[in-house]
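Participant: Dropping the structure in here first, questions after.
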Amino acid sequence: MTKKGIALVSVLVAMVAVLMMALGMSYLAEANLSTGRNLAQQAVARQRAEAGIDHALAYLRVNPNFAETRSVSGNGYTGTITPLVPGEKYRIESTGTFQQARHAAVAEVRIEVIPTQRQNPLFGNGWISGGRITVNGGVDLHASRLHADKGYANLSGQIQVCDENGQNCKNLNQVSPPPITGGAGVGDTQCNASGNNREVCQDNQPRYQVCPVYQQPSDPTFTCQDAITGEIKRWDQAYRITTPNVNNLSEQALGVRVSSVIPDAHQKNLCQVEFTSLDPGQPTELTRFLIARNVTPVGNDTNTLLRQVLPLLSGLRVCVQGNVTLPGGTTLNNTTFYVGGTFQVNGSANLQDVKVAAQGGLNLGDVQATNSKFFTNGNINLNNDALFQGDSTIASIQAITFNGRANLLNNRALAIISQGDITFNGRADTHAFMWAGGQITFNGTGTFIGGAVSIGGTIRNGGGQFSIRNSNAENSDLPQIETDGGPAPRVTFRR
């Protein structure tokens, strides 16, 4: 064979080899495409089968009790719900399809009562007390009530019962029974109700008695009418109130106890920024903070530096060993203060989502606060220009005092909580929920919407009429109770 023939044969062999390799790669690519296509189809079929399970669960939430097999269907899936134990246990089978792919999913479900949480309904019904209620002056009850475990020291003024709009008002002798009750089965009760004695008192006892909301009857098995539901229950199974614990509330909301603010914040590594004081502060610390954030300090005047620092605290958790004083015109958003001393607002301040735990006390001045929370181990003092909106809370281990007119009607969920007393000096126009371990005192006239719950008693002093209205608003810091949320499916097995 000539050299040319050998070369031709070699070329032909090489071409055949390349062709075979190309065909092999083509077949492999086609196989890979087919596998990918099948996997994609299987994934869609599986998703559709799972959608059938979810559809069946949604059906069971609405229809938790049936004895015959039910069917569900949707985009690419069909399913069946088979009762294993009607009203208690079910098996769900779902098949999903997509082109050539098919997938089956299975779940077993038990029907259980799932507890839900809601605010204790004793907050929002009117004035509820574990002690006595004293009313020196007139009161209009607008779809609200008075309840005092230990009775009434005085009901000397005109008391009217009206609808929720303040219309169709009637005197006590025209309402049977009037919404004024005392605690049943407890000792040391009295009912010296002055001019309204015949309508609300039987001798020296409240005429209309329901389960005590705080006091304990001498008989541990005592049964009575629940103050909220009207059902006959053992006293300790009826709706009741407890003494507020501000340390616990502060720890739940801010992570620290108000009796140990800075030590708790350090122990839990909560401090993102620390200052010795912000009252108005130390120039060196304020300057260092500004430089660290690439802000040029303006001079060395402490008040000027503080005004530069405050806007930069938004979004931070700030620990201050001493006092904090916010100057007038301050605006803060999403800032948490852990304060070893007092927290004070001089002039007006606009606070949005601000949280404060202050060991030394709070003086809130003209604060305008929305969705903000203030907790302290000391006293709280507010003046007549304070305004709270949204889910806001002010809470003290000591006492809370409103000096001057309290104009809080724009709020819908303010919680005012004190382990001691709560006092309003002046006209009180308030939409709030109050919870006091001591007494709640209103000195003056006004409109009160919400609920006043006190352990030590409630007192209203002053001439003129004072209107009390109920409220369905809620606050996250008030006591929550478990209620039956109704039967709902709980998945015990799924594949």
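Participant: Within the range 178-192, can you find the residues that are within 11 Å of residue 146 (Cβ to Cβ), in contact with a helix residue (DSSP H, G or I) (Cβ under 9 Å, 6 or more places away or on another chain) and touching a residue at least 40 places away in the same chain (Cβ under 8 Å)?
Facilitator: Hit for the range 178-192 is 181, nothing else.
Participant: Another one. I need the full set of residues from the range 189-219 which are in a loop (DSSP other than H, G, I, E, B), over 18 Å from residue 459 (Cα atoms) and open to solvent by 80 Å² or more (accessible area, probe 1.4 Å), in order please.
Facilitator: Hits for the range 189-219 are 203, 204, 207, 216, 218.
Participant: Can I ask one more? If you go through the range 274-293, how many residues are polar (S, T, N, Q) and within 38 Å of the chain's Cα centre (by Cα)?
Facilitator: 3
Participant: Being in contact with a strand residue (DSSP E or B) (Cβ under 7 Å, 6 or more places away or on another chain) and open to solvent by 10 Å² or more (accessible area, probe 1.4 Å): is that true of residue 376 here?
Facilitator: So residue 376 does not fit the description; no.
Participant: In the range 310-341, what residues are of a type in the set (Val, Ile, Thr) and over 26 Å from the mean Cα position of the chain (by Cα)?
Facilitator: Scanning the range 310-341 gives 320, 324, 325, 330.
Participant: Could you count how many residues in the range 240-288 are surrounded by fewer than 17 Cβ atoms within 10 Å (Cβ to Cβ) and in contact with a Pro (Cβ under 7 Å, 6 or more places away or on another chain)?
Facilitator: The qualifying residues number 1.
Participant: So, residue 112, is that one outside any loop (DSSP other than H, G, I, E, B) and open to solvent by 50 Å² or more (accessible area, probe 1.4 Å) or not?
Facilitator: Spelling it out, residue 112 is indeed outside any loop (DSSP other than H, G, I, E, B) and open to solvent by 50 Å² or more (accessible area, probe 1.4 Å).
Participant: State the number of residues belonging to the range 60-80 that are open to solvent by 60 Å² or more (accessible area, probe 1.4 Å) and either charged (D, E, K, R) or without any contact (Cβ under 8 Å) to a residue 40 or more places away in the chain (or both).
Facilitator: 10
Participant: Which ones in the range 441-479 are touching a residue at least 24 places away in the same chain (Cβ under 8 Å), assigned to a strand (DSSP E or B) and open to solvent by less than 10 Å² (accessible area, probe 1.4 Å)?
Facilitator: Residues satisfying the conditions are 442, 446, 450, 451, 452, 453, 454, 457, 458, 460, 466, 468.
Participant: I would also like to ask the following. How many residues are among the basic types (Lys, Arg) and either open to solvent by 40 Å² or more (accessible area, probe 1.4 Å) or at pLDDT below 90 (or both) if we restrict to the range 141-179?
Facilitator: The qualifying residues number 2.
Participant: Within the bounds of the range 423-432, is there any residue that is of a type in the set (Val, Ile, Thr), open to solvent by less than 20 Å² (accessible area, probe 1.4 Å) and modelled with pLDDT of 85 or more?
Facilitator: no
Participant: Let me ask you something else. Out of curiosity, is residue 382 farther than 24 Å from residue 265 by Cα, open to solvent by less than 10 Å² (accessible area, probe 1.4 Å) and in contact (Cβ under 8 Å) with a residue 24 or more places away in the chain?
Facilitator: Considered against the rule, which asks whether it is farther than 24 Å from residue 265 by Cα, open to solvent by less than 10 Å² (accessible area, probe 1.4 Å) and in contact (Cβ under 8 Å) with a residue 24 or more places away in the chain, residue 382 comes out as yes.
Participant: Let me ask another. Given the condition part of a helix (DSSP H, G or I), in contact with a helix residue (DSSP H, G or I) (Cβ under 8 Å, 6 or more places away or on another chain), β-branched (Val, Ile, Thr) and modelled with pLDDT of 95 or more, answer yes or no: does some residue in the range 265-277 qualify?
Facilitator: For the range 265-277, residues part of a helix (DSSP H, G or I), in contact with a helix residue (DSSP H, G or I) (Cβ under 8 Å, 6 or more places away or on another chain), β-branched (Val, Ile, Thr) and modelled with pLDDT of 95 or more: absent.
Participant: For residue 91, are the conditions met, namely being out of contact with any Pro (no Cβ under 9 Å at 6 or more places or on another chain), assigned to a strand (DSSP E or B) and surrounded by fewer than 21 Cβ atoms within 10 Å (Cβ to Cβ)?
Facilitator: So residue 91 does not fit the description; no.
Participant: Scan the range 220-239 residue by residue and report those that are open to solvent by less than 70 Å² (accessible area, probe 1.4 Å), modelled with pLDDT under 95 and either over 30 Å from residue 395 (Cβ atoms) or more than 27 Å from the chain's Cα centre (by Cα) (or both).
Facilitator: Scanning the range 220-239 gives 230, 233.
Participant: Right, another one. Are there any pairs with C-beta distances below 6 angstrom linking a residue in the range 258-277 that is farther than 21 Å from residue 292 by Cβ to a residue that is among the aromatic types (Phe, Trp, Tyr) and in a strand (DSSP E or B), with the two at least 6 apart or on different chains, and if so which?
Facilitator: If the second residue must be among the aromatic types (Phe, Trp, Tyr) and in a strand (DSSP E or B), the pairs left are 258/375; 261/338.
Participant: Could you look through the range 378-396, keep only residues that are outside any strand (DSSP E or B) and touching a Lys or Arg at 6+ places or on another chain (Cβ under 8 Å), and pick out the one that is farthest from residue 260 (Cα to Cα)?
Facilitator: So the residue we want is 384.
The values are calculated or read from the model by the stated rules, or taken from the named source; none is laboratory data. This structure is a prediction, so every number in the text was calculated from the model and none was measured. Positions of Cβ are generated from backbone atoms using ideal geometry, with glycine treated the same way; all protein chains shown enter the neighbour counts. The accessibility values were calculated without ligands, DNA or RNA, using every heavy atom of the protein model including side chains. Shrake-Rupley method; radii C 1.70, N 1.55, O 1.52, S 1.80 Å.
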